[in-house]
Amino acid sequence: MSKHFPLFVGASLAVALLATAGCNPPGARAAVAGDSSAAAKSYVPPGEKDEFYLFYSGGHSGQVYVAGLPSMRHISTIPVFAPYPATGYGFDQESKQMMGRFTWGDVHHPGLSQRGGKYDGRWLFVNDNANNRIARIDLRDFKTRQILGPIPNSSGNHGSSFVTENSEYVLVASRFSVPLPKGRYADPSAYKTEFNGMVSGIKVDPANGTMSVGWQVLTPPFNWDLGSTGKGPSSGWAFWTSYNSEMAHETLEANSTQGERDYAAIVNWRAAEQAVKEGKATMLDGVPVLDPAKVAGVIYFLPVPKSPHGIDTDPSGRWIAASGKLQPVTSVFDFEKIQKAIAAKAFDGDVRGIPVIKYEAVIEGEIPVGLGPLHTQYDGKGNAYTSLYVESAVAKWTLPPWNDEQKKNLNAVVTDKIPVHFNIGHLVVGGSDTKEPYGKYLVAMNKLSKGRHISVGPSQPESSQLIDISGQKMAMLYEAYTEPEPHFAQILKADAIAPIEVYPKAENQHPKAAWDASQTGVTRTGNKVEVKMVAIRSRFLPDKIEVKAGDEVTIHVTNVEQTTDMIHGLGIIEHDMNVVVDPGETKTVKFVAGKPGVYPFYCTNFCSALHQEMQGYLAVKP
């Protein structure tokens with residue numbers, strides 16, 4: 001057993017520990033309960049506004065949840081990969097076309113757009129682990145504007161969405177490996193030889209955010225997990241952890257935990273970009289793919305603690321922390337040493353032509369943070385915070401450079417620990433992945449709530465806890481609950497953006513928009529009926545639509561309001577149709593008229609004192 005990878009448990013005991021609901025670690029301070037000063041720090045009085053946005057991933061809901069900090073109050077849900085009747089998403093033609101053939105997604109890791117290594121408030125990118133897609137949300141109006149995918153040559157977009165310093169790319173990696181090209185059959189027993197993973201650079205248009213697949217790098221069939229992008233000395237580089245370096249294809253619980261270590265990928269994305277420009281890639285399913293065995297310098301492997309999750313670059317870009325849940329340490333690597341090791345070819349062999357950097361050449365220290373370390377965040381003040389799944393705690397520790405006394409005893413580097421409830425996964429500090437973190441609050445996203453709320457039956461919510469990190473010691477402030485299942489989140493200063501609340505009439509370029517009664521009407525072409533409709537307090541124009549059974553009906557409805565919060569909906573009885581139209585917006589719905597009869601339609605979003613009167617009729621003739 002290598003001295004650099006001290007396994008603290010055997011595989012069977014590891015499974016037992018990882019399944020254990022956390023309890024307070026020895027010596028840890030009890031979380032604050034009922035403390036009036038803590039309550040005051042998170043209290044936002046009625047009518048006042050939060051200081052920060054908190055963008056939670058919505059997991060297998062397929063959505064993004066928006067809360068305020070420090071109040072932790074849920075404000076809105078941004079629908080992305082799944083229909084959401086509350087806003088009519090997935091019912092109008094535009095959103096249905098964006099979603100494609102899928103009606104759900106698995107959102108894990110949101111990433112804010114950046115400029116100069118700091119959040120710029122333009123876009124939020126989110127991944128779909130289930131259907132191998134990535135989406136872009138425009139923070140001007142909090143609407144999903146593009147869904148890209150399924151990404152070619154890649155399966156399970158989990159190692160995503162990691163944004164480069166100037167939003168040149170959103171970098172993603174495959175959780176699952178498959179035979180390539182996709183659609184080719186190979187028996188899973190041939191996993192080591194017939195399956196491959198992939199790292200992809202999703203190019204972002206700097207003007208409008210439009211995404212496209214820029215390049216890909218072929219990898220062995222490891223399961224790529226989490227990543228981060230470089231800055232400062234590591235600018236132009238990106239990092240991912242992997243598990244299953246054994247390349248097992250069955251019973252991964254046991255077979256992917258046999259080795260002493262797994263690998264991190266260290267990717268020179270600028271070199272990859274240049275190699276494609278130089279014609280060194282092979283086209284596969286319409287995408288330039290680099291084989292690192294043939295194109296040197298684009299990717300290196302680095303041994304990391306076993307079964308890792310996070311690998312996180314600090315604000316300076318020099319220090320990189322990687323944690324493996326089967327070892328009680330967080331390994332800190334020095335990127336300056338990594339550069340020297342690459343230059344000196346300080347390698348410990350290779351894996352399929354990819355050089356493996358010597359661990360001893362680049363390690364700065366192994367921090368004894370505690371049991372089950374997963375992810376690390378930074379406050380910009382020289383401190384790091386690591387989530388401990390098994391312990392149900394957050395450990396605070398000091399970043400390098402360390403003095404001689406600290407180097408001799410790295411236990412002294414761990415300066416605080418606070419219990420959370422329970423079994424923390426991700427945690428987030430505002431701006432941790434930028435050059436200038438906010439460093440005020442930490443949100444712990446816990447996997448189990450374990451009865452800390454009034455009972456809601458077998459299906460349990462997730463627990464999120466707000467922690468004050470502004471002082472030397474961490475302090476628990478507040479606890480909130482979300483629907484399943486937040487994985488990661490991003491925190492953005494509220495004053496960093498100025499979302500619009502009304503779409504100006506002049507910006508509406510919909511070719512079928514109608515702004516007054518003279519522009520509305522019903523036209524028929526064969527069995528196709530087109531309706532141009534206006535919604536205004538408190539009526540629809542027209543309010544009678546006459547069609548025949550079997551007609552294809554298209555309705556373009558324009559909300560002509562130019563006042564904040566004057567939102568209208570259009571719901572058609574027994575036609576499974578609801579669309580919500582914001583002020584100044586036009587949306588299009590299309591359906592086939594069903595059996596003969598008269599079907600009321602009405603405004604589904606409360607709009608005025610005469611909201612109930614806002615209705616009409618779809619008359620379907622035999």
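The values are calculated or read from the model by the stated rules, or taken from the named source; none is laboratory data. Worth saying up front: this structure is predicted, and the values here are computed from it rather than measured. Note: ideal-geometry Cβ built from the backbone for every residue, glycine included; neighbour counts use all protein chains shown. What goes into the accessible areas is simple: the full protein's heavy atoms, side chains included, and nothing from ligands, DNA or RNA. Shrake-Rupley method; radii C 1.70, N 1.55, O 1.52, S 1.80 Å.
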Flag for K532 being crowded, with 16+ Cβ neighbours inside 10 Å, touching a residue at least 24 places away in the same chain (Cβ under 8 Å), more than 30 Å from N446 (Cβ to Cβ) and more than 34 Å from the chain's Cα centre (by Cα) | yes
Counting only residues in the stretch 292-316 that are without any contact (Cβ under 8 Å) to a residue 60 or more places away in the chain and in a strand (DSSP E or B), the one nearest to E165 (Cα to Cα) is identified as Y300
Residues N166, N196: which one is part of a loop (DSSP other than H, G, I, E, B), at pLDDT 95 or above, in the same structural domain as V276 (by TED's automatic domain parsing) and open to solvent by 10 Å² or more (accessible area, probe 1.4 Å)?
-> N166
Under 14 Å from the mean Cα position of the chain (by Cα), under 30 Å from E507 (Cβ atoms) and buried (at least 22 other Cβ atoms within 10 Å of the Cβ) - does that describe any residue in the stretch 148-158?
-> no
Inside the stretch 438-540, counting only strands (runs of 3 or more DSSP E) that do not spill past its ends, which hold 2 or more residues that are touching a Lys or Arg at 6+ places or on another chain (Cβ under 9 Å)?
-> 462-468, 475-482, 521-525, 528-536
Subset of the stretch 474-508 that is under 25 Å from S161 (Cα atoms) and of a type in the set (F, W, Y) - its residue that is surrounded by the most Cβ atoms within 10 Å (Cβ to Cβ) | F488
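Every residue, every condition in (1) open to solvent by less than 10 Å² (accessible area, probe 1.4 Å); (2) outside any strand (DSSP E or B), yes or no:
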site: V64; (1), (2): yes, no
site: G68; (1), (2): yes, no
site: M72; (1), (2): no, yes
site: I75; (1), (2): no, no
site: F81; (1), (2): yes, yes
site: E94; (1), (2): no, yes
site: Q97; (1), (2): no, yes
site: G105; (1), (2): yes, yes
Exactly one condition in (1) at pLDDT 95 or above; (2) open to solvent by 70 Å² or more (accessible area, probe 1.4 Å); (3) over 24 Å from the mean Cα position of the chain (by Cα) is not met by C23; state its number.
-> (1)
Answer with yes or no whether T144 is open to solvent by 40 Å² or more (accessible area, probe 1.4 Å), among the hydroxyl-bearing types (S, T, Y) and within 18 Å of the chain's Cα centre (by Cα).
-> no
Check V15 against each of (1) at pLDDT 95 or above; (2) open to solvent by 10 Å² or more (accessible area, probe 1.4 Å) and name the one condition it does not meet.
-> (1)
Kindly indicate whether any position in the stretch 401-411 is open to solvent by less than 10 Å² (accessible area, probe 1.4 Å), modelled with pLDDT of 95 or more and out of contact with any Phe, Trp or Tyr (no Cβ under 7 Å at 6 or more places or on another chain).
-> no
Which is at pLDDT 95 or above and open to solvent by less than 10 Å² (accessible area, probe 1.4 Å), of V213, V178, V172?
-> V172
Is at least one residue of the stretch 394-411 over 29 Å from A494 (Cα atoms), outside any loop (DSSP other than H, G, I, E, B) and of a type in the set (A, V, I, L, M)?
-> yes
Answer from A593, A619, A549 - the residue that is open to solvent by less than 40 Å² (accessible area, probe 1.4 Å), more than 24 Å from Y84 (Cα to Cα), touching a residue at least 40 places away in the same chain (Cβ under 8 Å) and touching a strand residue (DSSP E or B) at 6+ places or on another chain (Cβ under 7 Å) = A619
Has the stretch 536-543 got at least one residue that is aliphatic (A, V, I, L, M) and open to solvent by less than 50 Å² (accessible area, probe 1.4 Å)?
-> yes
Identify, by number, the condition in (1) open to solvent by 10 Å² or more (accessible area, probe 1.4 Å); (2) over 14 Å from M198 (Cβ atoms); (3) touching an Asp or Glu at 6+ places or on another chain (Cβ under 9 Å) that A271 doesn't meet.
-> (3)
Could you list, in sequence order, all residues of the stretch 412-436 that are in contact with a Pro (Cβ under 8 Å, 6 or more places away or on another chain) and either modelled with pLDDT under 95 or buried (at least 22 other Cβ atoms within 10 Å of the Cβ) (or both)?
-> K417, P419, H426, V429, G430, G431, S432
Counting residues that are over 32 Å from the mean Cα position of the chain (by Cα), which strands (runs of 3 or more DSSP E) fully inside the stretch 543-582 reach at least 3?
-> 544-548, 552-559
Residues of the stretch 275-291 satisfying the condition of being closer than 27 Å to D348 by Cβ and either in a helix (DSSP H, G or I) or out of contact with any strand residue (DSSP E or B) (no Cβ under 8 Å at 6 or more places or on another chain) (or both) = A275
Filter pass, A190 being exposed (fewer than 15 other Cβ atoms within 10 Å of the Cβ), hydrophobic (A, V, I, L, M, F, W, C) and at pLDDT 95 or above = yes
Would you pick out the residues in the stretch 448-474 that are within 30 Å of Q114 (Cα to Cα) and either modelled with pLDDT of 95 or more or of a type in the set (G, A, S) (or both)?
-> S463, S464, Q465, L466, I467, D468, I469, S470, G471, Q472, M474
From the options G227, G209, G201, residue that is assigned to a loop (DSSP other than H, G, I, E, B), touching a strand residue (DSSP E or B) at 6+ places or on another chain (Cβ under 6 Å) and either in the same structural domain as G159 (by TED's automatic domain parsing) or farther than 23 Å from S160 by Cα (or both) = G209
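Listed here are the residues, each with its yes/no results for (1) in the same structural domain as L388 (by TED's automatic domain parsing); (2) more than 26 Å from the chain's Cα centre (by Cα); (3) open to solvent by less than 20 Å² (accessible area, probe 1.4 Å); (4) without any contact (Cβ under 8 Å) to a residue 60 or more places away in the chain.
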| site | (1), (2), (3), (4) |
| --- | --- |
| G279 | yes, yes, no, yes |
| R318 | yes, no, no, no |
| K325 | yes, no, no, no |
| F333 | yes, no, yes, yes |
| K340 | yes, yes, no, yes |
| D350 | yes, yes, no, yes |
| I357 | yes, yes, yes, no |
| P368 | yes, yes, no, yes |
Only one of (1) open to solvent by less than 30 Å² (accessible area, probe 1.4 Å); (2) more than 26 Å from Q97 (Cβ to Cβ); (3) part of a loop (DSSP other than H, G, I, E, B); (4) free of Cβ contacts under 8 Å to residues at least 60 places away in the same chain does not apply to E246, and that is (1)
Inside the stretch 42-59, can you point out the residues that are surrounded by fewer than 17 Cβ atoms within 10 Å (Cβ to Cβ) and out of contact with any Lys or Arg (no Cβ under 8 Å at 6 or more places or on another chain)?
-> Y43, P45, P46, G47, E48, K49
